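Computed from the coordinates by the stated procedures, all read-outs in this text should not be read as laboratory data. Predicted model, so just to flag it, every value in this text is computed and none were measured. Please note: Cβ atoms are built from the backbone with ideal geometry, for glycine as well, and neighbour counts cover all protein chains shown.
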Amino acid sequence: IGAGTITCNYNGYEKSQTVIDDGAFIGSDSQLVAPVRVARRAVVAAGTTVTSDVAEGALAISRTQQVTLSGYADRVAARYADRPGKGKGR
């Protein structure tokens, strides 16, 4: 079970169970939203939010594809450059 993994088992009214079977692999920074079972030999990718059962030997991944916007910081700074009293940003 990777660092930062959270079992989210309380919905404000009742607690539900998260089951992680022997041999399952849970990647870092994952959230397991109960009730859910991660079966034997299943893999949960890092950064994934699991909201339904993961079958034996299956991979669960719920990350969106990374988008990198080149020059973003400069464009934002330019928008605020002429505004008095708004700070210098970075």
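Nearest 20 debye, what's the magnitude of the dipole of the stretch 6-80 about its Cα centre given +1 on Lys and Arg Cβ and -1 on Asp and Glu Cβ?
The calculated dipole for the stretch 6-80 is roughly 260 debye.
Grab the other residues whose beta carbon is less than 13 angstrom from that of Ala46, score K and R as +1, D and E as -1, and report the net. Don't skip to the end; give the middle numbers.
Working: positive: Arg63; negative: Asp29.
Local net charge: 0.
Amide H neighbours of Val44 under 5 Å, at least 5 residues apart or on other chains, H built in the peptide plane: list them.
Under 5 Å from the amide H of Val44: Phe25, Ile26, Gly27, Ala60.
For the pair Ala55/Arg41, report the inter-label distance in nm, with labels modelled 7 Å from Cα in the Cβ direction.
1.3
As a check on your grasp of the helix formula, calculate [θ] at 222 nm for the chain: sum -39500 (n - 2.57) over DSSP H runs of n ≥ 4, divide by the residue count, round to the nearest 500.
The helix contribution divided over the chain gives -3000 deg cm²/dmol.
Under 1.5 on a/c is rounded, so check that first for the stretch 6-80, then, if it is not, pick prolate when a/b is larger than b/c and oblate when it is not; a ≥ b ≥ c are the square roots of the alpha carbon gyration tensor eigenvalues.
Verdict is oblate for the stretch 6-80.
Ordered by residue, what ³J(HN,Hα) values in Hz, to whole numbers, does the stretch 17-29 give under the Karplus form 6.51 cos²θ - 1.76 cosθ + 1.60, where θ = phi - 60° and Gly and Pro are x?
9, 10, 10, 10, 6, 3, x, 6, 10, 10, x, 4, 6
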